[in-house]
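Q: One structure, as structure tokens, below. Some questions next.
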Amino acid sequence: MTRRIISFLPLLVVAVLLGFFVVGLQMDPRRLPSALLHQPLPAFALDGLPGRAPPLTDSAQLTGQVALVNFFGSWCAACIQEHPMLNRIQAEGVAPLHGIAFQDKPQATLRFLARHGDPYDRVGYDTTNRIAIEFGVTGAPETFVIDKAGVIRHKHVGPITEDDWVDTLRPMIEDLQDG
Amino acid sequence: MIPEIGHFALVLALGVAVVQAVVPMIGAQRGNLAWMEVARPASVALVLCIGVAFAALTHSYVVSDFSVTNVFMNSHTDKPMLYKISGVWGNHEGSLLLWILILAVFSLAVSVFGGNLPPALRARALAVQAMITTGFLLFILFTSNPFARLDPAPFDGRGLNPLLQDPGLAFHPPMLYLGYVGFSMAFSFAIAALIEGRVDAAWARWVRPWTLIAWVFLTFGIALGSWWAYYELGWGGYWYWDPVENASFIPWLAGTALLHSAIVAEKRDTLKSWTILLAIITFSLSLLGTFLVRSGVITSVHAFATDPTRGVFILLLLAITVVGSFSLYAWRAPQMKGGGVFAPVSREGTLLLNNVLLSTASATVLLGTLYPLFADALQLGKVSVGPPFFNSVFVPLMIPMLILMGVGPMLAWKRGDALGAVRRLWTALVATAAVVLGTWVLAGGSVVNAGAALGMGVGAWLLLATMVEWAERVRLFRVPPRDSLRRATNLPRSAYGMTVAHVGTALLVMGVVGNTAWKSETVQVMRPGETIPIGPRALVFEGAERMPGPNYDAIRGRLRLIDGDGHTIAIMSPEKRQYTSPPMATTEAAIHTTGVHDYYAVIGDPSPGDGAGAFVTRFYYEPFVPLLWYGALLMGLGGLVSLSDRRHRVGVPRRARAAQGASSTAAATTEAPARA
């Protein structure tokens, strides 16, 4: 009898495992929860990039209309990959797109923008990386959607792909603009 | 036109696979030989159909037919021919096509070489094999059609991920797949045996070579992948416990256990139920590996192509396979009769313990790999499990196993003499102690190095004990050298296979331990003319220049490796490449090897702020890494040597039977018992 029971054990184990896979498939492991979601964006003061106007110097500049804030750096390979998409987002002109460069040197950032195109409305330069920490940035690139009241509505981790833009971000921005 | 022929061939293959899955199975149940024999022509037809499909896709890649979506997404006219061809399996759809091609070729091998198998067992095994093929064909046709067209055809393709444009990686996926798919044979035989309700030594003798082939390919495949990561990714490491690496390592561990328990099943006619279970588990883990890599349930730096719809389909395949096979096991296994008994201290005993340790290791790695998924599903938060977990749980499991590996082969079957084995191993024991002490003193004698010295000792123990075991077999120094030589030439290949593979394991262990303990790494900004020490040598930075490549633009550094007296040992030229399609940067490390140690240099970005011509450079001193590659190579070779053993060779039993004539039917039945 024990033999019978023991031989059923493997079946039981795989059944439990399969249950987890079914649940697991419905989740996106790359989606990291942000503690700041649905919170007002942290107040900050930033420097602009020398020789590039207009600068993003104050968190107040982000309120009043739905906006995208993209954290990037010239050192980040995924940002290079993402850049053509950002250029396209700017060309579509759905909402202002602001950039915050972090862990970077201003000269390097400027060269990066000169080489790959400059899709940003305002660019801030996070000298101390404090702002990136306050936004809870875990890597680059990361993009935040901020509503009219200055509340963070969405955080996108990693390069924005065409599908992300068309299926998620753009509809969300349009909803926020209507609402 | 050609892609449509390929597509059509796949649909045809599905029909053939269904026939092969159903007809021989019914035939075997009813004892109808004609129905059973359908499996053989069907397996030929299946290989032809899938072969045509594979050839059609390869053709589309070779001629760069961008009207095929798959080619457009993964190829480019500028790509060298080798990578156009390797691009066929460098993507999801093509790799699945390769998967089923290999699956079909294995089936064909069974129907061609399986002439001396009992017809019912062969028919059932081939039918199970065809069921797996059917599942994957459905998967390809419904979710991953490699022949989908694009209209209008784009002018040029998007290119293959440049990280994958590498000779090491061109052959890594096919090797892994040969391993994964190879385990399907053991699985099919296990299911066939469960349906028949009997397992005997002949069954185990059939399963062993197939498991061995799969294991050899998987070993080479994992080693190739590790080697690729080492020289291509530019991190100076060879193993990261990344989910995708684990996905191939988990079945490898289970497969290694299967390999050894099949020996017991064959030689001693025991551990049969366990061997069957392992065969099912190993293949299920191979499927799981495919699921993890292809579905994206777990994030990985390797997740090149993930798609949830495909995930659902693979999960379904996995579920049908494992629920079906484990239910069958639960139903049938209790009826299986146990074979010979054995004492705890015996060859069987150590092999069983080896099995327990390997299976535990496999389960542990699986747990670590899936833990983020469990935690996420149970709302315990987002976690990632990294090398510290794996190192701290895996190593303690491996140490007793490695020590045991030295003793096990010295023990007799059924009842071993532990004291006698230790007495015969005393030379190895003394030499191991000397190695531990010597390493410790050479490394500086500090407490920190004691662990490393003991680790090297474990590797040395296995190496020495394996050598002693071989010396014992040929009675080296006990009988005249000529007699030893005669004994050495008469040893079966399988014995040599074990010796070579275990020596390989020992080298691998020493490579890992030595590298972990004494590796060093420096990152700095260097101006031309500057020198930085690396291990016992030093590197002089002589500058860097732009170098255009066929489909990339590179910065190539020039570094001179010098010894203590300033003599040049080698010129090293690491590169940083910016590929054009797709736009992506890669590092090409420069590695100078002495055969025991590696000097490893990576060039980073220019740093004009620190002076003209200044660059960021990273140097790694990688002691003992080459031992890893020798070790893995020897392990695989050991498997091949064992595979060439007389017992496994095709037709041997039949020839033996013919030569001995009708008088020695006893000998013939031990080779291929006629049960049908």
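The values are calculated or read from the model by the stated rules, or taken from the named source; none is laboratory data. The structure displayed is predicted, hence computed values, not measured ones. Because the Cβ atoms are built from the backbone with ideal geometry, glycine has one as well, and the counts that use them run over all protein chains shown.
Q: Find all pairs meeting these conditions: Cβ atoms under 7 angstrom apart; at least six residues apart or on different chains; first residue within the range A:117-130 and part of a strand (DSSP E or B); second residue of a type in the set (Lys, Arg) and modelled with pLDDT under 90.
A: Once the first residue is part of a strand (DSSP E or B) and sits in the range A:117-130, its partners that are of a type in the set (Lys, Arg) and modelled with pLDDT under 90 give A:123/A:52.
Q: Which residue, of B:282, B:290, B:275, is closer than 14 Å to residue B:183 by Cβ, in a helix (DSSP H, G or I) and modelled with pLDDT under 85? Walk me through it before giving the result.
A: On the way: B:282 fails: modelled with pLDDT under 85; B:275 fails: modelled with pLDDT under 85.
When all the criteria are applied, what remains is B:290.
Q: Follow-up question, since we're still on this one. Answer yes or no as to whether residue B:129 is under 28 Å from residue B:78 (Cβ atoms), surrounded by 23 or more Cβ atoms within 10 Å (Cβ to Cβ) and not basic (Lys, Arg). Give the derivation first.
A: Values: under 28 Å from residue B:78 (Cβ atoms): no; surrounded by 23 or more Cβ atoms within 10 Å (Cβ to Cβ): yes; not basic (Lys, Arg): yes.
No, not satisfied.
Q: Any idea which of A:53, A:95, A:91, A:101 is more than 11 Å from chain B (Cβ to nearest Cβ), among the aliphatic types (A, V, I, L, M) and within 17 Å of residue A:146 (Cα to Cα)?
A: From the options A:53, A:95, A:91, A:101, the qualifying one is A:95.
Q: From B:514, B:564, B:557, B:595, grab the single residue that is outside any strand (DSSP E or B), more than 14 Å from every other protein chain (Cβ to nearest Cβ) and either buried (at least 17 other Cβ atoms within 10 Å of the Cβ) or without any contact (Cβ under 8 Å) to a residue 24 or more places away in the chain (or both). Spell out the reasoning first.
A: Values: B:564 fails: either buried (at least 17 other Cβ atoms within 10 Å of the Cβ) or without any contact (Cβ under 8 Å) to a residue 24 or more places away in the chain (or both); B:557 fails: outside any strand (DSSP E or B); B:595 fails: either buried (at least 17 other Cβ atoms within 10 Å of the Cβ) or without any contact (Cβ under 8 Å) to a residue 24 or more places away in the chain (or both).
So the residue among B:514, B:564, B:557, B:595 that is outside any strand (DSSP E or B), more than 14 Å from every other protein chain (Cβ to nearest Cβ) and either buried (at least 17 other Cβ atoms within 10 Å of the Cβ) or without any contact (Cβ under 8 Å) to a residue 24 or more places away in the chain (or both) is B:514.
Q: Here is a further query. Does the range A:14-37 contain at least one residue that is more than 9 Å from every other protein chain (Cβ to nearest Cβ) and closer than 30 Å to residue B:329 by Cβ?
A: yes
Q: Based on this model, can you work out whether residue B:190 counts as within 16 Å of the chain's Cα centre (by Cα), surrounded by 24 or more Cβ atoms within 10 Å (Cβ to Cβ), over 19 Å from residue B:97 (Cα atoms) and not charged (D, E, K, R)? Walk me through how you get there before you give the answer.
A: On the way: within 16 Å of the chain's Cα centre (by Cα): no; surrounded by 24 or more Cβ atoms within 10 Å (Cβ to Cβ): yes; over 19 Å from residue B:97 (Cα atoms): yes; not charged (D, E, K, R): yes.
Considered against the rule, which asks whether it is within 16 Å of the chain's Cα centre (by Cα), surrounded by 24 or more Cβ atoms within 10 Å (Cβ to Cβ), over 19 Å from residue B:97 (Cα atoms) and not charged (D, E, K, R), residue B:190 comes out as no.
Q: So which residues in the range B:598-625 are outside any loop (DSSP other than H, G, I, E, B) and under 19 Å from residue A:112 (Cα atoms), if there are any at all? Before you say what the answer is, go through the steps one by one.
A: We begin by selecting, within the range B:598-625, every residue outside any loop (DSSP other than H, G, I, E, B); these are B:598-606, B:608-610, B:615-623, B:625.
Result: B:604, B:605, B:606, B:608, B:609, B:610, B:615, B:616.
Q: Of all residues in the range A:75-88, count the ones that are among the polar types (S, T, N, Q) and within 9 Å of chain B (Cβ to nearest Cβ). Even if it seems obvious, please write down each step before you answer.
A: Initially, the range A:75-88 is screened for residues among the polar types (S, T, N, Q), giving A:81, A:87.
Of the ones still in play, those that are also within 9 Å of chain B (Cβ to nearest Cβ) are A:81.
Adding up the residues that qualify gives 1.
Q: While we're here: Here is a check on your reading of the model: is residue B:506 in contact (Cβ under 8 Å) with a residue 24 or more places away in the chain and hydrophobic (A, V, I, L, M, F, W, C)? Talk me through it step by step, then tell me what you get.
A: Details: in contact (Cβ under 8 Å) with a residue 24 or more places away in the chain: yes; hydrophobic (A, V, I, L, M, F, W, C): yes.
When the stated conditions are applied, residue B:506 passes them.
Q: Continuing with the same structure: When the residues of the range B:372-388 are filtered to those that are in contact (Cβ under 8 Å) with a residue 12 or more places away in the chain and either in contact with a Ser or Thr (Cβ under 9 Å, 6 or more places away or on another chain) or at the interface with chain A (Cβ under 9 Å from one of its Cβ atoms) (or both), which remaining residue is nearest to residue A:15 (Cα to Cα)?
A: Just the residues of the range B:372-388 that are in contact (Cβ under 8 Å) with a residue 12 or more places away in the chain, to begin with: B:372-373, B:383-387.
Next, from what is left, pick out any that are either in contact with a Ser or Thr (Cβ under 9 Å, 6 or more places away or on another chain) or at the interface with chain A (Cβ under 9 Å from one of its Cβ atoms) (or both): B:372-373, B:384-385.
On the way: B:372: 18, B:373: 16, B:384: 24, B:385: 23 Å.
Once the filter is applied, the top-ranked residue is B:373.
Q: With B:40, B:30 as the choices, which residue is at pLDDT below 95, under 18 Å from residue B:130 (Cα atoms) and of a type in the set (Lys, Arg)? Spell out how you get there, then give the answer.
A: Values: B:30 fails: under 18 Å from residue B:130 (Cα atoms).
Within the list B:40, B:30, the selection yields B:40.
Q: Continuing with this model, one more query. Run residue A:83 past the list (1) of a type outside the set (A, V, I, L, M, F, W, C); (2) more than 15 Å from the chain's Cα centre (by Cα); (3) not in a strand (DSSP E or B) and report the number of the one that doesn't hold.
A: (2)
Q: Here is a follow-up. Restricting attention to the range B:237-247, does a residue exist that is small (Gly, Ala, Ser), surrounded by fewer than 24 Cβ atoms within 10 Å (Cβ to Cβ), outside any helix (DSSP H, G or I) and away from chain A (no Cβ under 14 Å)? Before you say what the answer is, go through the steps one by one.
A: Within the range B:237-247, the first condition is being small (Gly, Ala, Ser), and the residues that meet it are B:237, B:247.
Going one step further and asking which of them are surrounded by fewer than 24 Cβ atoms within 10 Å (Cβ to Cβ), we end up with B:237.
Okay, now just the ones that are also outside any helix (DSSP H, G or I), so B:237.
Imposing the further condition that a residue be away from chain A (no Cβ under 14 Å) reduces the set to B:237.
Yes: one or more hits.
Q: Would you point out the residue of the range B:53-63, among those that are in contact (Cβ under 8 Å) with a residue 40 or more places away in the chain and either surrounded by fewer than 18 Cβ atoms within 10 Å (Cβ to Cβ) or among the basic types (Lys, Arg) (or both), that is farthest from residue B:153 (Cα to Cα)? Step through it out loud before you land on a result.
A: First, pick out the residues of the range B:53-63 that are in contact (Cβ under 8 Å) with a residue 40 or more places away in the chain: B:53-57, B:59-60.
Right, trim to either surrounded by fewer than 18 Cβ atoms within 10 Å (Cβ to Cβ) or among the basic types (Lys, Arg) (or both) and you get B:55, B:59.
Working: B:55: 21, B:59: 16 Å.
The residue in question is B:55.
Q: In the range B:580-601, how many residues are within 30 Å of residue B:77 (Cα to Cα) and out of contact with any Ser or Thr (no Cβ under 7 Å at 6 or more places or on another chain)? I'd like the intermediate steps shown before the answer.
A: Start the filter on the range B:580-601 by keeping residues that are within 30 Å of residue B:77 (Cα to Cα), which leaves B:580-590.
Those still in the list that are out of contact with any Ser or Thr (no Cβ under 7 Å at 6 or more places or on another chain) too: B:580-589.
Qualifying residue count for the region: 10.
Q: Further question: Among the listed residues A:43, A:108, which satisfies the condition of being exposed (fewer than 13 other Cβ atoms within 10 Å of the Cβ) and under 23 Å from residue A:132 (Cβ atoms)? Before you say what the answer is, go through the steps one by one.
A: Numbers: A:108 fails: exposed (fewer than 13 other Cβ atoms within 10 Å of the Cβ).
It is A:43.
Q: For residues that are assigned by TED's automatic domain parsing to the domain that holds residue B:386, modelled with pLDDT under 90 and under 21 Å from residue B:643 (Cα atoms), tally how many sit in the range B:193-243.
A: Looking only at that region, the number is 0.
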